[in-house]
Amino acid sequence: MKKLFTISLMLLAIGVVTAQQQTRPAQQGQPGQLPQPARMTPEMTEIWEPEVPIVEPGAQPGMPPSDAIILFDGSEALLNKEWEDARGNPTKWIVKNGELVCVKGSGPIKTKRKFTDFQLHIEWKTPSEVTGEGQGRGNSGVYLQELYEVQILDSYNNRTYRNGQAGSIYKQYAPLVNASRKPGEWQTYDIIYTAPRFGNDSTSYFTPPRVTVLHNGVLIQNNVSLRGPTLYIGIPEYSIKKHGPGSILLQDHGNPVAFRNIWVREL
Ligand code: MG
């Protein structure tokens, strides 16, 4: 019993000494004065390494920077090198005067390369001769990873459902504004895409796909989170399936929409 009492006293003494050490100022100063942190200088929050990589911007706005992969530059040779049809055969879309034109009934075309996160620049033009209305006028689309459509449509004086007009994430997000040019005029999309991430569950996103779109330089989709793959009929959430990198796909919706100056930067 006496031994136990002695051990208890020793432990108490150690505890008191440790507590005193913990509260003792690290720097000598006036008794009871707490240590003062070193005064901040501007250099303390400057990060120098590694140096940010240099990219040569395009000569004109919209032209590819030095680290871009050029997917279409007006030449048939590059079309055949970078693109194929949905079955992996040479595409039947045609190159005319440096423009890539969708041929009705030939099906979509997709890049042979597969991408995860990227910045895409693409220029497109709906026919100057206006035929059809609503979804039947100048319809095509840019599918991100073959699954998520940024709608291409002649939306100049052409009403349709708001989440299906030009610049919509089809049937999920209407564009913030309608920045369409007239039919027959070249238009641009600059698309920033973050692919979804999946956990163990293969039928729901760990983080969803996210998309930002500028239409003719105007922000129309601001980092929106997608609900699932693009569907014409149905609920996107029910169609989620785990996937990896995917192609960029251009839709054949039966209208001779033209494309030019397509480039991508992997992120
Ligand atoms: Mg479409």
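Annotations
- Converting phi to 3J(HN,Hα) with the Karplus coefficients 6.51, -1.76 and 1.60 and the offset θ = phi - 60°, segment 193-210 yields 10, 10, 5, x, 10, 10, x, 6, 6, 8, 10, 8, 7, 6, 10, x, x, 10 Hz in sequence order, with x at every glycine or proline.
- The dipole here belongs to segment 29-113: it is taken about the Cα centre, uses +1 on the Cβ of Lys and Arg and -1 on the Cβ of Asp and Glu, and is about 640 debye.
- Residue range of the chain that is longest and free of chymotrypsin sites (Phe, Trp or Tyr not before Pro) which are both DSSP loop and sparsely packed (at most 16 other C-beta within 10 Å): 49-160
- The distance linking segment 161-178 with segment 189-239 is 13 Å (Cα centroid to Cα centroid, whole angstrom).
- Close amide-amide hydrogen proximity is noted between residue 261 and 74, each under 5 Å apart and 5 or more residues distant or on a separate chain (H modeled in the peptide plane; Pro and chain starts excluded).
- The chain: angle of helix 2-23 to the longest principal axis, Cα-based, in degrees nearest 10: 60 degrees
- Placing pseudo-labels 7 Å out from each Cα toward the beta carbon at residue 235 and residue 190 gives an inter-label distance of 3.8 nm.
- Order of 34, 231 under a 10 Å beta carbon neighbour criterion, fewest first: 34, 231
- Shape parameters for the chain, alpha-carbon atoms, Rg then Dmax in Å: 29.3, 106
- What the Cβ-Cβ distance of residue 224 and residue 76 gives, at R0 = 30 Å and to the nearest 0.05, is a FRET efficiency of 0.25.
- If you run the Gaussian network model on the chain, springs between alpha carbon atoms under 10 Å, then out of 188, 131, 41 the most flexible one is 41.
- Cα-based radius of gyration of segment 145-267 once divided by 2.2 N^0.38 Å, which approximates compact folds: 1.07
- Charge dipole of the chain (Cα centre as origin; +1 on each Lys and Arg Cβ, -1 on each Asp and Glu Cβ, all else neutral): 1060 debye, rounded to the nearest 20.
Values in this text are rule-based calculations from the coordinates and carry no lab data. Predicted model only: the values in this text are computed from it and were never measured. Counting neighbours? That spans all protein chains shown, and the Cβs are built from the backbone with ideal geometry, glycine included.
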